[in-house]
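Structure first, commentary second.
The values are calculated or read from the model by the stated rules, or taken from the named source; none is laboratory data. This structure is a prediction, so every number in the text was calculated from the model and none was measured. Areas reflect the complete protein model, heavy atoms only, side chains present, ligands, DNA and RNA absent. Shrake-Rupley method; radii C 1.70, N 1.55, O 1.52, S 1.80 Å.
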Amino acid sequence: MLSWIYADSSPAATAIISVSLVLMAGFLMTRVTKRLRLPNVTAYITAGILIGPFCLNLIPQSIITGTAFLPDIALAFIAFSTGEFFRLETLRKNGAKVVIITVLESLGASLIVFVVTYFALQLNLAFSLVLAALASATAPASTMMTIRQTGAKGDFVETLLQVVAFDDIVALITYSVAISVAVHSYAGGALSFMRILIPVLTNCAVLLLGVVFGVLMMIMLRPKTRSTDNRLIIAVALLFAFCGVCTIFDVSPLLGCMSMATTYINLTDDDKLFKQLGYFSPPILLLFFVRSGMSFDLRQLTHPSGSIGEAPLVVIGVLYFVVRIIGKYAGAWLGCFFTRKAPKTRNYLGLALIPQAGVAIGLAELGARTLGGEAGAALLTIILSSSVLYELIGPGCAKLALYLSKSYSTKLEDLAPVSETAPDGKEKTQLELLIERIQKIQEDLPLHTINEEEEAYTEAAENQLQGMRGEIPKPYREEVR
């Protein structure tokens, strides 16, 4: 559509204009989805579909092909932010229970998806294995966003955060094995134990390399004189370097970035870095999701893909969407039952595990790049279409689970519980209860600490004001005396 602009433009101008269009399209679509109370991921994927080659064709195919590195970068930021929740003191309390719950809910979803796709839909074995492996992944970003919005806390929230974090580790391991089997199956090679073991050992090596990078990050960010800007530069440089190493060996950076973040947070207890990266990463994630949408061919949904089976992709996508939810809920319920979790955790944890977007889409992008051809395109189409549906209902289900588990409440008596009787046994009036609850909320509010930058800004403002009044600025009073 904009070929007349790109025709006489240099490659650099084409790239700059394209990136600008992608960012603006993603932003403008969020203005629509915000009114519909839909998550940003849905807006980004939709924007990508609209401006992509299968709709308005505003972005050249060369740009889409040339940004194939974005899934690796996006996965690195997503995984690093997830690793913050692997604190040793928390893992010591619930580590074994969380592992059991995670394995059952992850593999439960994978198992039921494999049974339906391979036995019911009769898709080929390799494709069914890869799709089943992706079913185990959950969207940590959607879950954490919902928890922050509601201010939820308690055992249910702690269990949920740890399960979501471990969930992606299980997803990566199962995906690594499944994609290895699929590649050798499509290539016609014989499958052996070593072909399955090598991806597992490779990910273990990546895990250890992430620990090394975590220690290196701690050393480079340790000096107190290091400015905020330089801390961000060093952290991003190390994340990019780690992604580069993983790309050389064609390995996902997901597991290594998690171990890097886990190592760093446990050695330094510095959560400010994660907040800084949280402000830096939105444009990168936007580019990644919009690019994924541009690769989404809606026309494929109504046609079967001969390389994977005879069922239309729309049927595969709908069944994948439904049976994964069943598998997640059933697996989470069984895991909580075996670990003797409280009924409110057992009954509602599965609801909070429904969202699926970032990690699954990133792995699907890597899978599509690895498989190539019809199989790769079909895999990405199924995951993208189902992810849009998951992002429509996922955050709502997560919020419902937090509410039903009583992890948060909008009632004042739940936010600030106080005794309704005085020490002498008399019942307190409603006014007395209200005053006590307000006082309790004020006590629980965190104290505002002024950092060096705020203090310097405040001092400069005071000096400016004193100068305007003709007074001697504070730093020079001692000199005058």
On a 23 Å Cα-Cα criterion, which of the cross-link pairs Lys272/Lys341; Lys224/Lys272; Lys34/Lys344 come out too long?
Lys272/Lys341; Lys34/Lys344
Averaging sequence separations of C-alpha pairs under 8 Å and six or more residues apart, then dividing by the length of the range 59-171, give the relative contact order as a whole percent.
34 percent
Just by accessible area at a 1.4 angstrom probe, what is the order of Met29, Met258 from largest to smallest?
Met29, Met258
Heavy atoms of the protein only, probe of 1.4 Å, neighbouring chains included. What is the accessible area of Lys399 in Å², nearest 10?
100 Å²
Which order do Arg291, Arg299, Arg195 take by accessible area at a 1.4 Å probe, largest first?
Arg299, Arg195, Arg291
Rounded to the nearest Å, the spacing of the alpha-carbon centers of the range 212-232 and the range 387-410 is 36 Å
Accessible surface, per residue, of the range 185-290 when the full set of protein chains is kept, probe 1.4 Å, Å²
52 Å²
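How big is Rg to Rh over the range 72-160, alpha-carbon atoms, Rh as the Kirkwood inverse-mean-distance radius?
Result: Rg/Rh = 1.06.
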Working with all protein chains in place, sort Ser407, Ser419 by solvent-accessible area computed with a 1.4 Å probe, largest first.
Ser419, Ser407
